[in-house]
Amino acid sequence: MKLRYFALLIFLLSAITTNSQDFSKMKVKDLYENLCMSCHTSGAVGGSLVNRTWKQGSSDAEILKSIKNGYPQQGMVAFGSVISDAQLQALVVYIRELESQEVKKNITEVEPNRIIKTQQESFKVEVLTTGLKTPWGLTFLPDGRKLITERLGPLRIINTDNTLDPTPVKGTPEVIFDRPEGGMMDIALHPDYKKNGWIYLAFADGWRDENGKSWSQTAIVRGRIKDHTWIDQEWIYKADKKFYMKSGAHYGSRIAFYKGYIYFAIGERGSMGQAQDLSRPNGKIFRLYDDGRVPKDNPFIGDPNIPGGIWSYGHRNPQGLVVDKKHRLWATEHGARGGDEFNIIHKGRNYGWPVITHGINYNGQPITSITEKEGMEQPVLHWTPSIAPCGLTLYDGRKFPNWKNDFFTGSLRAEELHRLRVKNNKVINEEIILKGLGRIRDVRTGPDGYIYLLTNDPGRLLRLVNKKN
Ligand code: HEC
């Protein structure tokens, strides 16, 4: 062993015994820079950890094991005795972030109207509508027009020629919008819309107190539209007043139907511990009848301390929701720094936040040392580092036959569209289809079989079409 590294080893060992307090308070970036970089840059004894073929295995668990047990014979101490399990986990997340920054350098940004070849299909992107203000949710009317929500309130109509109708729909509920999130969110048509005309909205409901501070909670209404006016409104879900919160974060939302049921999500509103608290509605996915009644075969029925309608819990901020033909519910949710999830949602189950997660806090501090626990569900897939998944569709159109039954998820942070192929409840293939066209807020399969996207910054409606068109 070279003298330099031996000296470093001695330094580390003495640092551990005399001053271990310092490590426990360190953020992950500092941990990495102080404990790892001296040996793990290209050319140094351990080589770069960012751009490498992993010798000891590339999974999170294997990398964690390497850091924990070290390679004492080659000069790397067993960090398991130096820093906490949670910090070991944080280092894995950090290494993943560095890795993905490296990968992103190699993806070229996409310009509209260029033909894009991917693994199974080629397509080009059409810009249908521009000038939208933070569009959030999209749905298709049977007459060829579209309805979109914009975050600050109005419901907008997009004409059959894809021009934006200049007159917003009047009379929709007042929304609370306090940074960073909230406002008008998802929109969906009742499966029997042609017969009953019901349109469902998810939004941040609430009020302002005398100090100007807003109190809000995710709520669902349904109504109809006549002559640019919202009419016949009925409440489908409104939490008890005591559950309205001052936070402006993590409203969840997204609406999915299956036969006579409506599913929707409420994020934990920034109070992470409450995701585990069944006496509160935040951090939960709900199932109700389409008119708002609580089905008798829901879980937790009959417990007076549990608000009606809760279907699953332990969620952070789900913003993608789809029911497949077999009545399985699929959801994506935002993690913190890492640990975004793609889940199958089962009745009554606990999805673990914040007791287990594959991510860490934004400030680099760990949240928990464990990623799995008895009685808590594991995601089908997790994204670390975060992509911030938003919008989810299960492609069942005819225009892209090689994509049939694949999932597509948008992403805010990464500004990417991901395709996921699932077999036996496992993701067997993931591909980044698009990148660099803005934050992708919603993804839908259109009635014409094409894939539609709503982007923010810039606010646009886009469509993926076959290259022949
Ligand atoms: C004193 C030098 C030294 C320090 C400090 C050090 N390592 Fe290492 N590390 C090594 C050496 C040498 C290897 C073995 C490299 C090889 O086999 O190519 C290694 C291997 C690894 C591996 C396995 C790599 C693979 O290809 O599978 C990981 C992961 C790793 N180190 C992470 C870390 C982390 C994280 C830190 C900081 C907490 C750290 N190391 C600090 C020297 C060091």
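Read the figures in this text as sums done on the coordinates, not as results from a lab. Remember, it's a predicted structure, so these values are computed and weren't measured experimentally. Here Cβ is always computed from backbone atoms with ideal geometry, including for glycine, and neighbour counts include all displayed protein chains.
Some values worked out for this structure:
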{"quantity": "Nearest-ten-degree value, helix 60-69 long axis tilted from longest Cα axis of the chain", "calculated": "30 degrees"}
{"quantity": "Coordinate range along principal axes, alpha carbons of segment 206-259, Å, largest first", "calculated": "37, 28, 18"}
{"quantity": "Anisotropy class of segment 354-469 from Cα gyration tensor, a/c 1.5 cut", "calculated": "oblate"}
{"quantity": "Calculated Rg and Dmax of segment 130-211 using C-alpha coordinates, Å", "calculated": "13.7, 46"}
{"quantity": "Full-extension gain in nm, ALA86 to GLU374, via 0.36 nm per residue minus C-alpha separation", "calculated": "101.9 nm"}
{"quantity": "Efficiency of FRET from Cβ geometry, THR130 and GLN101, R₀ 30 Å, rounded to 0.05", "calculated": "0.50"}
{"quantity": "Cut-off 19 Å, label 7 Å out along Cα→Cβ of LYS195, residues of segment 254-272 by amide N", "calculated": "257-263"}
{"quantity": "Sequence ranges 291-302, 248-259, ranked by mean other-Cβ count within 10 angstrom, highest first", "calculated": "248-259, 291-302"}
{"quantity": "Degrees, to the nearest 10: 3-25 long Cα axis against longest axis of the chain", "calculated": "50 degrees"}
{"quantity": "Segment 413-469 versus segment 214-234: alpha-carbon centroid distance in Å", "calculated": "28 Å"}
{"quantity": "Kirkwood estimate for segment 90-244, i.e. one over the average of 1/r between Cα atoms, Å", "calculated": "18.6 Å"}
{"quantity": "Subset of LYS29/LYS284; LYS68/LYS423; LYS124/LYS325; LYS238/LYS296 violating a 26 Å alpha-carbon distance limit", "calculated": "LYS29/LYS284; LYS68/LYS423; LYS124/LYS325"}
{"quantity": "Calculated [θ] (222 nm, deg cm²/dmol) that DSSP helices of n ≥ 4 give over the chain, each run adding -39,500 (n - 2.57)", "calculated": "-4000 deg cm²/dmol"}
{"quantity": "Hits among lysines - C-alpha to C-alpha of LYS133 under 20 Å, sequence gap 8 or more where chains match", "calculated": "LYS146, LYS170"}
{"quantity": "Cβ crowding within 10 Å averaged over residues, with 125-138, 272-285 ranked highest first", "calculated": "272-285, 125-138"}
{"quantity": "Reachable aspartates and glutamates, given that their alpha-carbon falls under 17 Å from the alpha-carbon of LYS213 and they are not under 8 places away in the same chain", "calculated": "GLU174, ASP178, GLU181, ASP205"}
{"quantity": "Global geometry of segment 201-340, whether rounded, prolate or oblate, following the gyration tensor of its Cα atoms and the 1.5 cut on a/c", "calculated": "rounded"}
{"quantity": "Spherically averaged projected area of the chain from its Cα convex hull (nm²)", "calculated": "25.0 nm²"}
